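Inspection log for the structure reproduced underneath, given as C-alpha cells.
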Amino acid sequence: MARSATFHSAMPLPPDVRLMQATAQGVFVLAALAIGAAVAVAVARLPVFALKGIRVEGEVNRNSESTIRANAAHRLAGSFLTMDLQKSRAAFESVPWVRHAVVRRVWPGSLAVQLEEHRPAALWVGTDGNDKLVNTFGEVFEANIGDIEDERLPAFSGPEGSAAQMLAMMRRLAPVLKTLQAGEASGLDLSARGSWRVTLDKGAVVELGRGNEAEVLARTEQFARTLPRVVAQYQRPLESADLRHAQGFAVRLKGVTTTVAAAASRKR
C-alpha cells in the first residue's frame, strides 16, 4: 500500500522577527548609500578634479578678464564636480558692471562663463546721496560713476522701483522735446504723487503734470506744436513751462511770462 506523503507549510515568522529583518535590511541599504556617497565625495575632491581654469566669454568692455576672475574666484566653492553652478553664477554677477552670467562646466576641469554687461541709459539720483545707474532694461545697478564716458546721460529722480517706468517715459518724450529747440532732456523727475517734470540741457524746466504715459505724451506733443509760435512772437528763449493747467500752458520766456490758450485755475 502506498503511503501518503504529508506536507507541512512553513510557519509564518512572528511579527517581531519580520520587523527585525526589515530593519536590518533598511540599515544595510542606508549604510551602503552612505558609503557610496562618502566615496563619491572623496573621489570628487581628488586633485585630478580640482578647478583648473576659468574661461571668460562675451562682453568684457568694462572689466578685464583678470579683474573678473579676481573678483569672482574667492566666492567659488567646491571642485570641478561639486561646484554649485547657480552660486557660481551669482559670484560672477556680483562683479561690477556684470548684469548676467551663464556658467557651465568644460571637461576636464574648467569653467566657461558667458557674460552680459550693463549698458547705462541714465543716472539714478539717490535721495541718500548714493547715485547709481539705470541700464537699458530699466534696472538700477551700482557701479563707479566715473567709469561713464557719456556725459549726456539723463538724470532720473523718482520713487524706488520706478526706474523702468521713467526710462520708458523718457524714450517717448525725448524725440518730442528735441523739436522744442530748447535743448535735449537732461533730467526727468517723478514725484511721489505721480507728477512728471523734465529739465532740458539749456536750463529750461517743464512741468508735465500727472497722468499715464499716453496722457503726458499727448500734452507734451501739443505743447511742442504750440511753443515755436510763442518763441517766434517774443524772440526770447524758453526758461520754463507749466503744462498742468487744464486748458492751456503757462510759459516763461527770458524776461516774459505768458499763457497759451485760456489757462484754468485747476491744475492736474
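The values are calculated or read from the model by the stated rules, or taken from the named source; none is laboratory data. Bear in mind the structure is a predicted one, so any value in this text is a computation, not a measurement. Methodologically, a virtual Cβ is constructed for each residue, glycine included, from the backbone with ideal geometry; neighbour enumeration extends over all protein chains shown. Quick note on the areas: whole protein, heavy atoms, side chains included, nothing else; ligands and nucleic acids left out. Shrake-Rupley method; radii C 1.70, N 1.55, O 1.52, S 1.80 Å.
So in the range 119-143, with the set limited to residues that are outside any strand (DSSP E or B) and charged (D, E, K, R), which one is farthest from THR67 (Cα to Cα)?
Here the answer is ASP128.
Pick from PRO96, PRO154, PRO120: which is touching a Ser or Thr at 6+ places or on another chain (Cβ under 7 Å) and open to solvent by less than 70 Å² (accessible area, probe 1.4 Å)?
Checking each option against the conditions leaves just PRO154.
Go through the range 236-260 and give me each residue that's closer than 16 Å to ARG225 by Cα and either charged (D, E, K, R) or modelled with pLDDT under 85 (or both).
ASP242, GLN247, GLY248, THR259, VAL260
Quick one: how many residues across the range 158-175 are small (Gly, Ala, Ser) and crowded, with 19+ Cβ neighbours inside 10 Å?
2
Does at least one position in the range 74-90 carry a residue that is in contact with a Gly (Cβ under 7 Å, 6 or more places away or on another chain) and touching a residue at least 24 places away in the same chain (Cβ under 8 Å)?
yes
Out of curiosity, is GLY161 closer than 22 Å to VAL98 by Cα, free of Cβ contacts under 8 Å to residues at least 60 places away in the same chain and part of a loop (DSSP other than H, G, I, E, B)?
Judged against the criteria, GLY161 is a match.
One line per residue, one yes/no per condition, for (1) hydrophobic (A, V, I, L, M, F, W, C); (2) at pLDDT 95 or above:
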site: SER66; (1), (2): no, no
site: ASP84; (1), (2): no, no
site: ARG99; (1), (2): no, yes
site: TRP107; (1), (2): yes, no
site: ARG152; (1), (2): no, no
site: MET170; (1), (2): yes, yes
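Could you check the range 45-118 for strands (runs of 3 or more DSSP E) lying wholly inside it with 3 or more residues that are more than 17 Å from the chain's Cα centre (by Cα) and among the hydrophobic types (A, V, I, L, M, F, W, C)?
110-117
Just one of ALA185, ALA163, ALA204, ALA174 is farther than 18 Å from PHE223 by Cβ and of a type outside the set (Lys, Arg); which is it?
That would be ALA163, the only listed residue that is farther than 18 Å from PHE223 by Cβ and of a type outside the set (Lys, Arg).
Report those strands (runs of 3 or more DSSP E) wholly inside the range 176-256 carrying at least 3 residues which are open to solvent by less than 30 Å² (accessible area, probe 1.4 Å) and at negative phi.
185-190, 195-200, 238-242, 249-253
For the structure I just gave you, tell me whether LEU111 is open to solvent by less than 20 Å² (accessible area, probe 1.4 Å), at pLDDT 95 or above and either on the phi < 0 side of the Ramachandran plot or charged (D, E, K, R) (or both).
no
Which ones in the range 75-113 are closer than 20 Å to ALA143 by Cα and of a type outside the set (A, V, I, L, M, F, W, C)?
ARG75, ARG89, GLU93, SER94, PRO96, ARG99, HIS100
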